[in-house]
1. How many nm is it between the label spots at Gln382 and Leu706, if each spot is 7 Å from the Cα in line with the beta carbon?
2. With θ set to phi - 60° and the Karplus curve 6.51 cos²θ - 1.76 cosθ + 1.60, what are the ³J(HN,Hα) couplings of segment 652-669 in order, to the nearest whole Hz, using x for Gly and Pro?
3. With respect to the cross-link table entries Lys416/Lys477; Lys192/Lys707; Lys385/Lys437; Lys364/Lys441; Lys385/Lys416, which display a Cα-Cα separation exceeding 31 Å?
4. Can you pull the accessible area of Val82 for me, 1.4 Å probe, Å² to the nearest 10?
5. Arrange the residues His145, His88, His562 by how much accessible surface each exposes, largest first, with a 1.4 angstrom probe.
6. How charged is the neighbourhood of Leu98? Take every other residue with its Cβ under 13 Å from the Cβ of Leu98, and add Lys/Arg as +1 and Asp/Glu as -1.
7. Using only the alpha-carbon atoms of segment 199-257 as identical scatterers, what base-10 log of I(q)/I(0) does the Debye formula give at q = 0.22, 0.24 Å⁻¹?
8. With the dipole of segment 338-446 worked out from charges on the C-beta (+1 for Lys and Arg, -1 for Asp and Glu) around the Cα centre, which of Leu425, Met343, Gln442 lies farthest toward the positive end?
Amino acid sequence: MVTFLLHALRIETSCLDSFNLRSVVYLVKPPLKLDAQRNRSQTSRVAKRSPMPLVIAMTLLSAVGTMLTVASVILLHSFERVETQAMHQNLDRTLDALSNDFAALSTTVNDYAAWDDTYAFLADGDSTYIKLNLNKSTFAAFNLHLILLARPSEQIAFSQRRDPLTSDITPVSQRLQAAIIHSGILQHTDSKERFGIVLLPDGPMLVAAHPVLPSSLEGSSRGTLVMGRYLNAAEVERLSELIQVSLTLRQATEASLPDDFEAARTALLNGQADFVRALSLDKIAGYVLLKDIQGNPAVLLRAEMPRVIYRQGLLSLRCLGVSLLTLGALFGLIIWLLWRKLMCNLIERDRMEQALFQEERFRKVFEGAPTGMAIANIRSGQIVKVNHALCEMLDYTSAELEAKTLQEITHSDDWKQNSHLCEKLISGAIVSYQSEKRYLKQNQQTLWVNSTATLIHDPQGNACHILGMFENVTERKQTEAILRQSEAQYRNQAEQLSSTLAELQQTQAQLVQSEKMSSLGQLVAGIAHEINNPVNFISGNLAHVDSLTQDLLNLVRLYQEHYPQPSAEIMAKTEAADLDFLYEDLPKLFSSMKVGSERIRQLISSLCNFSRLNEADVKAVDLHEGINSTLMLLQSRLQATEVRPAIQVVKDYENLPLVECYAKQLNQVFMNILLNAVEAIDRKWEAEQEPEKAKQPPCIWIQTWLKGDRVGVQISDNGTGFLEQVKTRIFDPFFTTKAIGEGTGLGLSVSYQIVVGNHQGQLQCSSIPGQGAEFTIQVPLERQLPQCRTGIATRP
């Protein structure tokens, strides 16, 4: 209703001091333009009663439409044909650029494969060849992402991969090796190179392979050298810049493709050499299908270019159409003006009738509107006219309101905002404004009103009054205030509950971990103390007992030498004791006892090293020593069981400096991860069938490295692995995949706190279900460590 009144009411006055509703007229535009507006309205009504404008318009449109139709059929078809030919040329340039890349890659592979040093490496496996020739600079110099050397049996002798994003050089994963072998690139029946596209799990790759031969190219091949470069976004962008055409790459084997790629794939798989399609009025695209090294569809390549030729044709047609329309419009305008002049008298008479009608209509609307309305002076704010609805709303009579100003009935706190909006309205910055503010009733009670204001102009077009419309929204404002208060109260309660729950979980984890570490420390201290003393006593006295026993045996030998004929009783006792065996076995017995006591001392040393008893919290230690001590404590878990063979531990240690850290806590991290690996392997072997067990023995790989100022430890296994949804929660407190009663869910969460919270390091995991899991620990080599905490760290 308010919007209707705004567009229906505009009031002008001939005098700023007096106002009456006889001056009510249309106010959609300023009054200086009202006559032209009315004339256009009357002209339109008269035109509807005459067929002349329609005849002129239809004749012009028919002539112009016919000429443009003929021109578009002739010209646009030619432009489209030229545009398609240009697109075919761009596709040819794109394929030539790819061919050049294959040629350069093949040249590099041939240079390295037909070389005596490469030939010798596959025979002796000397790592010096790799360090000198297939290093990081080789990847960078030839823009390579893969280098692989395989023997004729397809056994991988060497493989490295450069990450396309980080440029890190890492060994090629087993999955990637299997994909390369499956592609058939290693299968050679002659001494020629092979190249093409191979679809790998992480994207398509340009690959070239060549048999490894001596520099003389004589003799049998010792294997195959493979080099590859990912056909990723960076490579596609490089090709785009090279040929100055925008390129897009999609795998042809994708189940769901965009509509244009799907149409191109259908056409190209049906034998079409290439496919050209207009994407829009501004772009046209061409598509080609690239096959992999085995001849199967691999990659859809799209080349885009702007439709300059087509747009030029459209522009020419538009210019022609504009010219024709301009000439026709000029001709029609002359006829229209002559006809319009004849209608002036009718239009003027009709205008006067409409003015009288509008005055009466707006008077009724103003007086009978259910929404409060008021008209005030633009300079003083004095109210000059109100309707009955506003008087009822504010409990005033019309005379009382017309004696007040807008400021007097507006709440003082809201007047400043109202003044700012009025200034913008008067200056012409806005046409109207709407705001919610408080007004004062006659009894000074507050009333919330949604007010809308617009300007009223005099016949000369000058703003003289403000028209305001008012809607009572007090009940809605009170309801909104109650809802906001309730919402704030419930939000505070929810935040308090969430904070309390988090504190309870952290406190519980701290108590469990603190009690666990305290009990473990006391247990290790007690065992070490109780066993170490008697073992030291036994070990220390074994040497004395061995020496005394040798003295006794020597004394017996002297008696045998000086008294060769002992009595019968001594002879019988000598035979019963088997003195010759005693001479031989007694030294061995003491030697075995020494080995056993030394083994016990080593176990005690490992326990002490694992728990770091009687040492400072922060200390520079050898991480390898901690890992080895942890493995010694886990020897019983690594041995063969009824369902699986012994777990092999493969160590790949780099020469590391001492690391300043909380050694006892890092040993706990090693223990948690290694125990999880052993349990994952046990679960896998308990679930697998007998033929599958013989394929891959259980194994744990431990690798360490030094990179900059950080030390890394990577522990991986070939156990059950875990799903992606488990990975997102694996470091959460109390989260476990074990059965109820078998795990607390604190091992990995505490390990995360130790590495990330206490050492400012990183603890990351990755897994392939059914193939194993991998945990990577990175800690600073030298860093000011914070005070040790046992709480649960919050993962980012």
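The values are calculated or read from the model by the stated rules, or taken from the named source; none is laboratory data. Values in this document were obtained by computation on a predicted structure and should not be read as measured data. Don't worry about glycine lacking a Cβ; one is built from the backbone with ideal geometry, like all the others, and counts go over all protein chains shown. What goes into the accessible areas is simple: the full protein's heavy atoms, side chains included, and nothing from ligands, DNA or RNA. Shrake-Rupley method; radii C 1.70, N 1.55, O 1.52, S 1.80 Å.
1. Reported label-point gap for Gln382 and Leu706 is 9.4 nm.
2. Per residue, the Karplus-derived 3J(HN,Hα) values read 10, 8, 8, 6, 9, x, 5, 10, 7, 6, 8, 5, 4, 5, 5, 4, 5, 4 Hz.
3. Values: Lys416/Lys477 20 Å; Lys192/Lys707 40 Å; Lys385/Lys437 21 Å; Lys364/Lys441 26 Å; Lys385/Lys416 23 Å.
Listed pairs above 31 Å: Lys192/Lys707.
4. 70 Å²
5. Ranked from most to least accessible, the order is His562, His88, His145.
6. On the way: positive: Arg93, Arg229, Arg238, Lys291; negative: Asp92, Asp96, Asp101, Glu235.
Summing Lys/Arg as +1 and Asp/Glu as -1 gives 0.
7. So the normalised log intensities are -0.90, -0.99.
8. Most positive-ward Cα: Met343.
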